[in-house]
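Below is one structure; the comments refer to it alone.
The values are calculated or read from the model by the stated rules, or taken from the named source; none is laboratory data. Because the structure is predicted, anything quoted here is derived from the model rather than measured. Because the Cβ atoms are built from the backbone with ideal geometry, glycine has one as well, and the counts that use them run over all protein chains shown.
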Amino acid sequence: MAAREFDVVVWGATGFTGALVVEYLAATYGVGGDLAWAVAGRNEGKLDAVKREHLGADADKLPVILADSSDPASLASMAARTTVVCTTVGPYALYGTPLVEACVDAGTHYCDLTGEVQWMAEVIPRYQERAAASGARILHTCGFDSVPFDMGVWFVQQQMRERHGVYADEVKGRVGGSRGGASGGTIASMMVMMEEARKDPSLMQRMADPYVLCPPDARSGPDKPDQRGPVYDEDFGQWTSPFVMAAINTRVVRRSNALLGHPWGVDFRYSESVLNSSKGQARMLSLATGMGMMTLALGPLRAIAKRVLPKPGEGPSRETRENGYYEAFFLGIDHADRSHDTKVKVRGDLDPGYGSTSRMLAESAVCLAKDPLTVGGGFWTPASALGEHYLPRLTGPAGLTFEVLD
């Protein structure tokens, strides 16, 4: 890629999560230093307000780019000026495709926060060849869905290889706990998916495919549909319940294995669920998860939910974000020799949906812009594209820990 004016442009900087990305980049990298970055959006006044809030006296040093998702020419101009576009503008099924196309055509790298499987399944095959030709690396799912899980599996596999000379043929991802505010953006994305499913009833069936995000020649394997009820996990010695993000994360992890060339095996298995303290709790949470999804699936209930749930642009207070956390455990299993089994814990020190997500996204953008990555253009996952370069960025100021458990 020829030299660009900027390393990173934050698109959607006036939104709740976008402003957190700005705050993090300003605190971590400053303005006028080694990272050349800018903010972008359609409202100059709101962009200036975000700059003043998070940069104070240095606000005038941070460039502003005006662009609108309904104006392809403005998106093309923005993409041509930067190495990476980091976008928080969702739901991506409504607003994301024109920007992906602009980046693909400009050979500009791209990262986002989407967990919209139906949208990814649409844009990946549509633009893959063009991205490969232009050299644009396109990364979806660079927030809580699915970085801790995609990189958690990658990390436990690296540990298995270093310690025992083998990769796990199965990994179990289990969420141990979390605390944080509800994400209006995530809820809006789920609403859009349900609306699309109402118009196209076959959509939910396609999204239930465990391998829907894998390349066309890798859309089969041993994994079954995601867990729906309470299940006792012998390996963890605990009851488990469904994890709402499993429908996204598991598909991303399987895509990572395929894009890396199946180092973990064509029969690699991966599952996710939530660890519970009792069978009763597992039953209760399974029921609650099912009822929540039904609320979003049924039109009349969805209309009520829209009025009471957080909306895009809304988010928790600073206190809630800073007092939040999450932890997930990953058990790598070698079925040929269980003495090789390895367990790791991934923990974030902020609420998952905003505080930690904004940092993970920001570091994925910096990694794309600055690190000597070896993959070419195309659609990648965080683990398959960033891998070893991303890990120290996550465990630095981004505030994650990756720990091997004895």
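Among the residues that make up region 4-14, is at least one of them among the small types (Gly, Ala, Ser) and touching a Ser or Thr at 6+ places or on another chain (Cβ under 9 Å)?
Scanning region 4-14 turns up at least one residue that is among the small types (Gly, Ala, Ser) and touching a Ser or Thr at 6+ places or on another chain (Cβ under 9 Å).
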Some residue of region 323-343 being over 24 Å from PHE236 (Cβ atoms), of a type outside the set (A, V, I, L, M) and modelled with pLDDT under 95: yes
Every pair of residues 6+ apart whose Cβ atoms lie under 9 Å, when the first sits in region 188-199 and is under 14 Å from VAL117 (Cβ atoms) and among the polar types (S, T, N, Q) while the second is at pLDDT 70 or above and in a helix (DSSP H, G or I): SER189/TYR92; SER189/ALA93; SER189/TRP119
Top-ranked residue of region 117-140 - restricted to ones that are crowded, with 22+ Cβ neighbours inside 10 Å, within 14 Å of ALA106 (Cα to Cα) and among the aliphatic types (A, V, I, L, M), ranked as nearest to the chain's Cα centre (by Cα): ILE138
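Looking at region 396-406 only, could you name the residues that are surrounded by 15 or more Cβ atoms within 10 Å (Cβ to Cβ) and either more than 15 Å from the chain's Cα centre (by Cα) or among the aromatic types (Phe, Trp, Tyr) (or both)? Reasoning before the result, please.
Filtering region 396-406 down to residues surrounded by 15 or more Cβ atoms within 10 Å (Cβ to Cβ) leaves 398-400, 402.
Hits for region 396-406 are GLY399, PHE402.
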In region 221-238, residue farthest from VAL274 (Cα to Cα) [restricted to those that are surrounded by 13 or more Cβ atoms within 10 Å (Cβ to Cβ) and among the charged types (D, E, K, R)]: ASP223
Pair list, Cβ under 8 Å, 6 or more apart: region 271-290 residue under 28 Å from ALA168 (Cα atoms) and touching a residue at least 40 places away in the same chain (Cβ under 8 Å), other residue of a type in the set (Val, Ile, Thr) and in a helix (DSSP H, G or I): SER271/THR250; GLU272/THR250
Positions within region 364-383 being assigned to a loop (DSSP other than H, G, I, E, B) and buried (at least 24 other Cβ atoms within 10 Å of the Cβ), in sequence order: THR381
Selected residue (criterion: surrounded by the most Cβ atoms within 10 Å (Cβ to Cβ)) from residues of region 17-33 that are in contact (Cβ under 8 Å) with a residue 24 or more places away in the chain and not in a helix (DSSP H, G or I): VAL31
Residue in region 53-64 that is farther than 23 Å from LEU20 by Cα and within 25 Å of the chain's Cα centre (by Cα) present: no
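Being of a type in the set (D, E, K, R) and in a strand (DSSP E or B) is the filter here, so list the residues in region 126-167 that pass it.
Step one: filter region 126-167 for residues of a type in the set (D, E, K, R), giving 126, 129-130, 137, 145, 150, 161-163.
Within region 126-167, just ARG137 meets the criteria.
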Residues (buried (at least 16 other Cβ atoms within 10 Å of the Cβ) and in contact with a Pro (Cβ under 7 Å, 6 or more places away or on another chain)) located in region 57-84: SER69, LEU75
Of all residues making up region 126-180, the number that are more than 14 Å from ALA246 (Cα to Cα), touching a residue at least 24 places away in the same chain (Cβ under 8 Å) and of a type in the set (Asp, Glu): 2
Qualifying residue in region 81-91 (condition: at pLDDT below 95, over 26 Å from LEU373 (Cα atoms) and either among the basic types (Lys, Arg) or assigned to a loop (DSSP other than H, G, I, E, B) (or both)): yes
Filtered residue count, region 246-283, keeping only those that are over 20 Å from MET120 (Cα atoms) and either in a helix (DSSP H, G or I) or in contact with a Leu (Cβ under 6 Å, 6 or more places away or on another chain) (or both): 5
